[in-house]
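Asker: Pasting a structure below so you can have a look.
The values are calculated or read from the model by the stated rules, or taken from the named source; none is laboratory data. Note that this is a predicted model, so its numbers are computed, not measured. Here the Cβ positions follow ideal geometry from the backbone for every residue, glycine too, while neighbour counts run over all protein chains shown. In case anyone asks, the SASA skips ligands and DNA or RNA and just uses the protein heavy atoms, side chains included. Shrake-Rupley method; radii C 1.70, N 1.55, O 1.52, S 1.80 Å.
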Amino acid sequence: MTIQAWLPVEGEDAAGALRKFLAELLTSGYVDALLVPCRLAGDEAVMPALVESPEALEACEPLAPVMSHNMATMAGRLTVMDTGRRVGVWLRPCELRALIELTKLHQATLEHVRTIAVDCLGTYEVVDYAALVRAGKQPAELWRGAAQGEALPADGCALRSACRMCEYPTAANADIRIGLIGLDFPRQVLVESKEPLPVELPPADVPARRQEVLEQVRARRTAERDTAFAAWRTEVPDLRRLAERFATCIRCHNCMVACPICYCKECIFRTPTFDHEPEQYFRWAERRGVIRMPTDTLLFHITRLNHMATSCVGCGLCESACPNRLPVATLFRSVAQSVQALFNYEAGRSLEEELPLAAFREDELTDLGK
Amino acid sequence: MADFEPRIVAFLCNWCTYTAADLAGTSRLQYPPNVRVIRLMCTGALDPVYVSKALLEGADGVLIGGCHPGDCHYQSGNYKARRRIAILHTILAGLGFDPQRVWLRWISASEGQRFADTVTEMVEHLRRLGPNPMRELPMS
Amino acid sequence: MDVAIVGAGIAGMQAAFLLTSLGRRVALLDTAPWIGGSFHLLDRTFPTDSCGLCFMEAGLSPTYCPTLESARSPLLSIYPLTQVTALEGETGDFRLALRRLPRYVDPALCTACGECLAVCPVSGPSFDEGTLAPRQAIYRPPWRAVPRAFVIDPALCTHCGVCVEACPEGAIDLEMSAETLTLRAGAVIASPGFEPFPAERKGEYGFGVLDNVVTSIQFERMISFSGSTRGRLVRPADGRPARRLAFISCVGSRDPALGRPYCSSICCTITVKQAAAARELEPDAECMVFYIDLRAQGREDEYYMAGRIHAPGIRYVRCQVSTIKQSQRSKDVIIEYWDEAGQRHEEAFDLAVLAVGFGPPAEAAELAQALGIELDAQGFARTIALRPAESSRPGVFAAGAFREPKDIVHSVVEAGAAAALAAMCVPAAPGVAEEAPPVRPGLEDEPPRLGIFLGGAGRQYAAPLEDLERRLRRLRGIALVERIPPLASPAGRDALLRHAGEAGLNRLVIVDAPLRFSPAVEANLGQVLRALGLPDSAVELVDLEAGWPAGCDLTAHSANGLWDSVRMAAAGLLRRPISPRSILPAVPMPEAADFVDCVVVGGGPAGISAALAVAELGLRVLLVEQAPQLGGHLRELAGRLDGEDPAAWLAERTARLEQTAGVRVLTRTTVISASRQPDETYLLELETCAGREQVRAGALIAALGSRPAPTSAFGCGQDPRVMTQDELARRLEAGENFGHVVMVQCVDSRTAERPYCSRTCCAQALRNALRLKEVQPASQVAILYRDMRAFGRHELEYLTARRAGVRFVRYEAEHPPLVRHGADGLEVEVHDALLRRPVRLPADTIVLSVGAVPAALPSWLAGLGAQVHADGYLIPEHPKMRPSSLGKPGLFACGAVLGPCFAEEAILQGQAAAAHAASYLAQRERRRTAVESVAVVNERLCSGCELCVRACPFEARVMNVERHVAEVRAAFCAGCGTCAMVCPNGASQQRLFETPALLQVIDAALDSLWEAPGQEEKPC
């Protein structure tokens, strides 16, 4: 980061300061449009929005701890073909990592994108966030533990499970990074940028405490993550237990739809590829006495893992999308972590590292195959 | 378990291992008849979905046979396959499947005996492991 | 015929491929009952240690084994068991008199069922494995032989006639006799190969007398999984495991007393390979190799050996073994030897392997007489240094081990050169464009009608087929189940056609044996499909013989394996789209003025030969050289090379370049950049003396050469009395006197910094030493060497040099020579490894063999995708099978840029690269069918993630940037299916292996798991 500066905050309105900053990015012509989270209908829902008018940024909710979609998916929609328009994209760390993976998968182009990554202490499920708003909570209020690196669970609501075990409170490789953690929130908002900004900002001398707090968050979350992974492995030691855990999967494909890495225009499981002649189902049932309908549920999940495990960023939207609350975020992340470790790969870490699915090395994995 | 006959689905590369299987057959080599062979042009063409499907439908083992490293008829298909199988092994292990039911072996066209030996060894190994638990579960 | 190729080993087959791809009709002759030569013997071949049979090239895509591919081409006719008895006429119009020996089995009728083997009462040793694998008088040819029909060995056959009775097809006729025929051809290539030295002639090694002494050929079969012991090391005496192995080098090589004075070149590497293979098969095997010199033939071999000779369990002892004995009781082999410290040892081994040398084939003299060509004193074909592929008779070319023993790498290159020269003698046959047979109209709308046909001759199949038929008849969804005669026979073909036609079938499953690798089956099936108007995708073959253990009881087996296999075939076929193979359009090369067919970069011997050959094959060529004159390193070679004057050769070739139409030569010119264009041509930017120029080309040949390694060792460059071999040769021709000369080999070579051997230095030192002795006989000449790598005929020069008084002193790498530069003379001190003490040699002149380093490679080469070795040389696509290709369409290389080589080898490589470039262009310029398993992309599903683009090794997949979808370039598709694997949603598919069909096949493979007895008769 070449530039470190403080964003002027009036009183304690950190969100307002961020809105003003975003508006300046638009008016100065630094970007042509912004992809940011906004309140578009009522206060309870915060959704991705593409904004060209600075006035419309009034509805922007930069600090709302809720993630309805992975913003990377939306950024991909805008940039899969480069239109030449410069767009600033507001991203949480997991969303930025997803966007990097999508770029490597040619589902987004970053030539004209400015990534603006904001510190994140976790998000609530969409329904929980709505309930919190209804109960009168302001987004900024939910951030009050930021100085200590704690997003306090609001009454009766827990952070999404993926967020509870997310060890990425801040993004490493954004064009612009918005720092909140380990600072005097909400009076201090840090802006770091790789290139000169169109706004004059007072330079910041970042307190050492920020790094300490970030480390604490990482350590705490990593421990929670490892506990969750270990618990999963104990709970599901074999196929029978796996089948039990997936007993309520209705193969609705919501996890696939929500997943930022599932980029296929049409999933192969939505094509007739795996369909069988009616005769086949009857024959199976006759032979085996019983078959589960629909078939190929586990095949769907295993195949999806084969496709996305190397690029999974652990955003956990699969679990948020699951109507039957299957703990798929933990499962998919734990598998993805082992898979990525095979190749010393970390999804979203860098644009340069080759996708494991697109590469091979002659001297690797030599104990496999004889 | 003594009378348990493991069922192996083998995906063999056209140039090396399928030809080795052919040689084993034409040379009248002895090996257990537990393997069902599916020919592919290259192990690099083996979509992991085929392996997963065979396991989920009750195959006790899946054998993937290709050219030795460096010998791929298509330059590097076997290296690509090796990576995919490593990924699949990890996924299967993470889900409670025994990855040792999926074998990757390099068997060149002239190694008919090695093919026969591999099948024999795998059948013994699977006998020790016992039937694929999926056989006992309602098909899903 | 356009070209007759005499000898169908690796060289003959490679030449045949290239010639047919260049549109020439070829007759491929061999005295053996099948084609393939010695290739059938080999399980693994250096430098890759792979069996590599599948890598022979036909056209652009990798194809299957050489034997079958040769059999497939419509331009190729195979003549097994055929000798040439006379050759009349001249280039362009030869008449060959042929004698065809009887096979006693009609290949058109024999189905290789094996009934005859069960009854034949006589047996004897086989040719390759001797008594280790006895063979009956009637026998099955080596696996994958073409033709595949059985053969009777007249030397063993007693004419008892029981096989005639046993043959169900009536294919055996003991009354067959030899016939004579005549063949016309425009050119002839002689490539009859080699014959191993008969080891029993080296009596002191006891082959044929001692129980546990085998030849390297027998051992080659022993380490082969298809050989006598199926990859197990055993003692022939008692079948016990062989763990202590002795390898004896130079048996029948470098042995003037036996009339084998030359070095067989390849045996050292074979031994290295075999010892390593023995350790791989039996990790506790102890190998001891007795050798004289370790002759790696240059860079590749040096690398190959480096990792293997110092491996654990392998000991190398520099000692010529005088006799081999045997322990009466244990039958152990006993070898007495002296180690390098002079200590005597006697050691027992389980097995002694004699690394036999290689001589000309037994019929070489007869063949030479028939062809009217000269042989050298050793009985090999005589060619001269700078015209290495040309025999003494115009229009007759020589290739492979017939010139002298050599490995596959060099044989394949020579075959390419011979093909280029032969092709120049005859015009291409009028274009035979491949066309997929037309498919009957409306096929795609027909509902599936599947028939299952059961062929299979031979008693062993009768019961299982009966059982299978009974069960198949109860399957629903099958239109027809029918027994037919074997498909390899005309009766089988006719029955299949009749039944399938009458039942209106559009999908066929054929259960038969043999099916794979059978040209007869392929031909008959092709006829049936054409007649029915069905594409190849409408058929699945289930080989009764292959793919499952035929060793088990077939009757019991049919209850599951065969039954499943048939249903798997049927299930896939019912789910697969029945589509014809696509036709690739011809891509004619542009006529534009700035376009040439081929650009050759580098004007040394390789580049000149390549350019001239390309032009003489009728193509437009541009030769680019950065120096002011053509010639490259050849200009540095003073004196004569095997009777040819390099300067005269250069003048003659330069003149021919000037006279040949379609040739343009640009000297003082460099290529600044080169890129592949969307239309698959190359765009080059040239810097000429007249300025910059752009040129487009269809193919590109890199012939950038190498250069002598610069050195300052021993004061070279400072002290005028120290010089390189090149300089010595030049000054020697100028008449200078050098007094006493000491030559130092391997200067800066075979070191950690430059680990390879430069191949040519030992021979150059010998030539210079002999020349010195000739022009100034009073001079003392000494050569200090590490291994005297005088392989092949150079061994004769080594012999002559020793006789002429040249002193040879071996030194170890750890004790390099030291030079004292005195005012009145030089003195070399070296630790003589043989005498095990230092010796001092006074000298007036010191000559250094400095080796070669690669030319600096231009960055555009890497940009085009050429691979470069860590030592700076280019890496060919495949060292054995595609040594001229750089792995990218239309990009080739030749000469020393691929590794240090002799001038004659550079010439051969240049001609071979020309043949490959011409073949590549010819393929593009004619209509042809895509590979059977060609890839397709469903644009509707494609997300443009480019995983397939990155996975395709053949550049057959490109992005359409505007539509953001991937596209197939079918002309480059090799049909491997990797693109289909990486595609997450099946947008990328491989013909014949479509995902839905494969999923169905997997279902069918597991279906019988759930079958209770008697519950099986369910539809597919």
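Asker: Take the Cβ-Cβ distance between C:Gln718 and C:Leu857 as r, set R0 to 30 Å, and report the resulting FRET efficiency rounded to the nearest 0.05.
Answerer: Values: r = 30 Å, r/R0 = 1.01.
Once rounded, the FRET efficiency stands at 0.50.
Asker: Report C:Thr180's accessible area, 1.4 Å probe, all protein chains in place, as a number in Å² to the nearest 10.
Answerer: 120 Å²
Asker: Here's a follow-up. With each pseudo-label sitting 7 Å past Cα toward Cβ, what's the C:Arg459-A:Leu368 distance in nm, one decimal?
Answerer: For the pair C:Arg459/A:Leu368, the computed spacing is 4.9 nm.
Asker: Another question, then. Under 16 Å from the 7 Å Cα→Cβ point of C:Leu541, by amide nitrogen: which residues of the range C:921-944?
Answerer: Those under the cut-off are C:932-933.
Asker: On to the next question. Give me the mean projected area, in nm² to one decimal, of the convex hull enclosing the Cα positions of the range C:343-444. Don't skip to the end; give the middle numbers.
Answerer: On the way: hull surface 64.9 nm².
Taking the Cα atoms of the range C:343-444, their convex hull projects to 16.2 nm² on average.
Asker: With θ set to phi - 60°, apply the Karplus curve 6.51 cos²θ - 1.76 cosθ + 1.60 along the range C:640-645 and write out the HN-Hα couplings as whole Hz, x wherever there is a Gly or Pro.
Answerer: With the stated coefficients, the range C:640-645 comes to 9, 10, 6, x, 10, 8 Hz.
Asker: If you don't mind, there's one more thing I want to ask. For the pair C:Arg498 and C:Glu687, how long in nm is the line joining their label points, each one 7 Å along Cα→Cβ?
Answerer: 7.7 nm
Asker: C:Ala655 to C:Arg802: extension gain in nm, 0.36 nm per residue of separation minus the Cα-Cα distance?
Answerer: On the way: separation 147, 0.36 × 147 = 52.92 nm, distance 4.04 nm.
Stretched out fully, the C:Ala655 to C:Arg802 stretch lengthens by 48.9 nm.
Asker: So how strong a dipole does the range A:236-368 carry about its Cα centre when Lys and Arg Cβ are +1 and Asp and Glu Cβ are -1, to the nearest 20 debye?
Answerer: On the way: 15 positive and 17 negative charges, 162 e Å.
Dipole of the range A:236-368, to the nearest 20 debye: 780 debye.
Asker: Report the Rg/Rh value for the range B:34-74, based on alpha-carbon coordinates and the Kirkwood definition of Rh. Present the calculation step by step, with values, prior to reporting the outcome.
Answerer: Details: Rg = 11.4 Å, Rh = 11.4 Å.
Radius of gyration over Kirkwood radius for the range B:34-74 works out to 1.00.
Asker: Taking Cα atoms of chain C, Rg/Rh with Kirkwood Rh, to two decimals? Before the final figure, lay out each step's value.
Answerer: On the way: Rg = 30.8 Å, Rh = 31.2 Å.
Value, to two decimals: 0.99.
Asker: Return a whole-number percent for the relative contact order of chain A, with Cα pairs under 8 Å and 6 or more residues apart as the contact set. Kindly include the intermediate steps, with their values, before the conclusion.
Answerer: Values: 623 pairs, mean separation 69.4, N = 370.
Relative contact order for chain A comes out at 19 percent.
Asker: Give the Debye-formula value of log10 I(q)/I(0) at each listed q (0.17, 0.19 Å⁻¹), with one equal scatterer per alpha carbon of the range C:896-979, two decimals each.
Answerer: -0.79, -0.86
Asker: Okay, next question. In whole percent, what relative contact order does the range B:8-131 give with Cα contacts below 8 Å and a gap of six or more residues?
Answerer: On the way: 208 pairs, mean separation 48.3, N = 124.
Value for the range B:8-131: 39 percent.
Asker: Cα atoms only, the range C:667-825: Rg and Dmax in Å?
Answerer: Using the Cα atoms of the range C:667-825, the pair Rg, Dmax is 21.5, 68 Å.
Asker: Which lysines does A:Lys265 reach when only Cα atoms under 30 Å apart count, and residues fewer than 8 places away in its own chain are ignored?
Answerer: Candidates past the 8-residue exclusion: A:Lys104, B:Lys53, B:Lys80.
Asker: Among A:Ala341, A:Phe269, A:Tyr281, pick out the residue whose Cα is farthest towards the positive end of the charge dipole of the range A:236-368, where Lys and Arg carry +1 and Asp and Glu carry -1 on C-beta, about the Cα centre.
Answerer: Sorting the options by dipole projection puts first A:Tyr281.
Asker: Another question, if that's okay. Can you tell me the FRET efficiency between C:Phe127 and C:Leu181 if r is taken as the Cβ-Cβ distance and R0 is 22 Å, rounded to the nearest 0.05?
Answerer: Details: r = 26 Å, r/R0 = 1.17.
After rounding, the FRET efficiency stands at 0.30.
Asker: Let me ask something additional. Over the alpha carbons of the protein assembly as shown, what is the largest minus smallest coordinate on each principal axis, giving the biggest first in Å?
Answerer: Principal axes ranked by extent give 109, 93, 73 Å for the Cα atoms.
Asker: What does the charge dipole of chain C about its Cα centre add up to, to the nearest 20 debye, if the Cβ of each Lys and Arg holds +1 and the Cβ of each Asp and Glu holds -1? Write down the numbers at each step before the final one.
Answerer: On the way: 103 positive and 119 negative charges, 75 e Å.
So the dipole magnitude of chain C works out to roughly 360 debye.
Asker: Run the helix sum for chain C: -39,500 (n - 2.57) per DSSP H stretch of 4+ residues, divided by residue count, reported at 222 nm to the nearest 500 deg cm²/dmol.
Answerer: Working: 24 runs with 257 residues, N = 1020.
Result for chain C, helices only: -7500 deg cm²/dmol.
Asker: Chain B: D in µm²/s via Stokes-Einstein (Kirkwood Rh, Cα pairs, 20 °C, 1.002 mPa s)?
Answerer: Numbers: Rh = 15.0 Å.
The estimated diffusion coefficient comes to 142 µm²/s.
Asker: Over the C-alpha atoms of the range A:3-210, what are the Rg and the largest Cα-to-Cα span, Dmax, in Å?
Answerer: 16.0, 46
Asker: Given A:Leu357, A:Gly369, A:Ser320, which one lies farthest toward the positive end of the charge dipole of the range A:317-370, if we put +1 on the Cβ of every Lys and Arg and -1 on the Cβ of every Asp and Glu?
Answerer: A:Ser320
Asker: What fraction of the DSSP beta bridges in the range A:3-210 is antiparallel, stated in percent and rounded to the nearest 5? Can you show the working numbers first?
Answerer: Details: 17 of 29 bridges.
Rounded to the nearest five, the antiparallel share is 60 percent.
Asker: To continue, here is another question. How far apart, in nm, are two points set 7 Å out from the Cα along the Cα-to-Cβ line at A:Arg218 and at C:Asp645?
Answerer: Label at A:Arg218, label at C:Asp645, 7.7 nm between them.
Asker: Between A:Thr73, A:Ala162, A:Gly145, whose Cα lies farthest towards the positive end of the dipole of the range A:37-168 when Lys and Arg beta carbons carry +1 and Asp and Glu beta carbons carry -1, centred on the Cα centre?
Answerer: So the residue furthest toward the plus end is A:Thr73.
Asker: If I take R0 = 41 Å and measure r between the Cβ atoms of C:His821 and C:Asp376 in this structure, what FRET efficiency does the formula 1/(1 + (r/R0)^6) give, to the nearest 0.05? Walk me through the numbers before you get to the answer.
Answerer: Numbers: r = 44 Å, r/R0 = 1.07.
The calculated FRET efficiency here is 0.40.
Asker: Let me ask something else about it. Taking the Cα centre of the range C:757-796 as origin, work out the dipole magnitude from +1 charges on Lys and Arg Cβ and -1 charges on Asp and Glu Cβ, in debye rounded to 20. Could you put the intermediate results ahead of the total?
Answerer: Values: 7 positive and 3 negative charges, 23 e Å.
Once rounded to the nearest 20, the dipole reads 100 debye.
Asker: Kindly work out what percent of the DSSP beta bridges joining two residues of chain C are antiparallel, to the nearest 5. All intermediate terms of the calculation are to be shown ahead of the outcome.
Answerer: On the way: 81 of 160 bridges.
In chain C, approximately 50 percent of DSSP beta bridges are antiparallel ones.
Asker: Give me the percent of DSSP beta bridges within the protein assembly as shown that run antiparallel, rounded to the nearest 5.
Answerer: On the way: 98 of 206 bridges.
In the protein assembly as shown, DSSP labels about 50 percent of beta bridges as antiparallel.
Asker: Give, in nm to one decimal, the length gained when the segment between A:Glu279 and A:Thr2 is fully stretched (0.36 nm per residue of separation minus the Cα-Cα distance). Working shown, then result.
Answerer: Details: separation 277, 0.36 × 277 = 99.72 nm, distance 6.63 nm.
My answer for the length gained is 93.1 nm.
Asker: If you average the sequence gap of Cα pairs under 8 Å that are 6 or more apart and divide by the length of the range C:929-1002, what percent do you get for the contact order? Write down the numbers at each step before the final one.
Answerer: On the way: 131 pairs, mean separation 29.8, N = 74.
40 percent.
Asker: If you build a Gaussian network model of chain A, linking Cα atoms that sit under 10 Å apart, which residue out of A:Arg304, A:Arg210, A:Arg292 swings the most?
Answerer: Maximum fluctuation in the GNM of chain A, among the listed residues, is at A:Arg292.
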